[in-house]
Amino acid sequence: MQAVILAGGEGTRLRPLTYTVPKPVLPLAGRPHVAYVIDWLVRHGVGDVVVSCGHLAEGMRSALAGIEPGVEVRYAEEPDARGTAGAIRFAEDLLGGRFLVLNGDVLCDLDLTALIEQHERTGARATIALYPVDDPSGYGLIHREEDGKITEFLEKPPPDQIDTDEINAGAYLLERSVLDRIPPDRAVSIEREIFPELIGDGLYGIRLEGYWIDIGTPERYLEANWDILESRVETVMSDRLESPMMVGEGCEISSGAELRAPCVVGRDSVIGSNAVIERSVLLDGCTVGEGARLVNSILSEGVTVEAGAELDGAVVGEGERV
């Protein structure tokens, strides 16, 4: 099975972090987010991954070069922004007869195998993973028949018109014939332009339970880190963590410093005496001064938090000083 990861967005809601780092490369519990997406694909039999990238593409290549994904990874680097469907069309020379498509800003553990099995059973041209949300008022909703056949898209309807809790989860299985519907050489949205055209022509959906989050805001980015460390989502970290605490090689932890799980401290970091680090992630080379306190926070590489400083719910960019 083959998959395309859509990773070309600029991550505007996570600026200034994404001025220098592509959003899918932002670390979650110390690993690039895109690495979790590839892990998820591997668990469901994918052996060939095409990463569609544009904004800060070199950062994407560098991040994946530093891990062992266990699959073949190739790149389709857009010369300009093509939208979700335009990016798929741009990668067509690398694609076979059937392929998964995943949004690169979603962390989840949904059952892609079930999606593939329904797609084959129904003979669909396109199958959309649908995810149930507690409050569907802020999303576009999808109507479908009992067999999964999609009948209607509702773009953020008013409360009195909400009669389903299923949203587009940003994971699809497409037949190659769908590419013929995508105009070349321009920006095209698969959600707004292509899928509505496929209603009545082989478009299906399947409800998938599990964990799902879009990491595209600071609040959800923080939440995704804690959910990985606390094993609310199935990831490779769940197997590696005997307890929700990791301390890298070469760290200096002073006497009296207190680390409270869940917590990740990257390599070569220095923690001063009486510092408290609680439910936080520090990437490599961070320094936390004497008596400083970090709660619910993420420090990028090389951050210095001076003595006595306090952070709660903060995300600090690479090399900054607090």
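Some values worked out for this structure:
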read-out	value
Number of positions in the range 252-283 that are crowded, with 18+ Cβ neighbours inside 10 Å and part of a loop (DSSP other than H, G, I, E, B)	6
Residue that is more than 30 Å from residue 132 (Cβ to Cβ) and out of contact with any Pro (no Cβ under 9 Å at 6 or more places or on another chain), where the choices are 257, 261, 224	257
Complete set of residues in the range 252-309 that are farther than 14 Å from residue 226 by Cβ, of a type in the set (S, T, N, Q) and in contact (Cβ under 8 Å) with a residue 24 or more places away in the chain	254, 300
Which listed residue, of 187, 171, is outside the structural domain of residue 282 (by TED's automatic domain parsing) and farther than 22 Å from residue 120 by Cα	187
From 259, 222, 198, residue being over 21 Å from residue 304 (Cβ atoms) and among the aliphatic types (A, V, I, L, M)	198
Conditions (1) modelled with pLDDT of 85 or more; (2) within 15 Å of the chain's Cα centre (by Cα); (3) more than 24 Å from residue 269 (Cβ to Cβ); (4) not small (Gly, Ala, Ser); number of the one not met by residue 13	(1)
Selection count, the range 158-177, where residues are surrounded by 15 or more Cβ atoms within 10 Å (Cβ to Cβ) and free of Cβ contacts under 8 Å to residues at least 60 places away in the same chain	6
Residue identified as within 28 Å of the chain's Cα centre (by Cα) and within 16 Å of residue 267 (Cβ to Cβ) among 283, 294	283
Verdict on residue 59 being at pLDDT below 85 and surrounded by 15 or more Cβ atoms within 10 Å (Cβ to Cβ)	yes
Selection count, the range 123-152, where residues are surrounded by 16 or more Cβ atoms within 10 Å (Cβ to Cβ), farther than 21 Å from residue 213 by Cα and not basic (Lys, Arg)	4
Number of positions in the range 72-102 that are buried (at least 21 other Cβ atoms within 10 Å of the Cβ), under 19 Å from residue 23 (Cα atoms) and not small (Gly, Ala, Ser)	5
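The values are calculated or read from the model by the stated rules, or taken from the named source; none is laboratory data. Being a predicted model, the structure only gives us computed values, none of them experimental. Glycine gets a Cβ as well: all are built from the backbone with ideal geometry, and neighbour counts include every protein chain shown.
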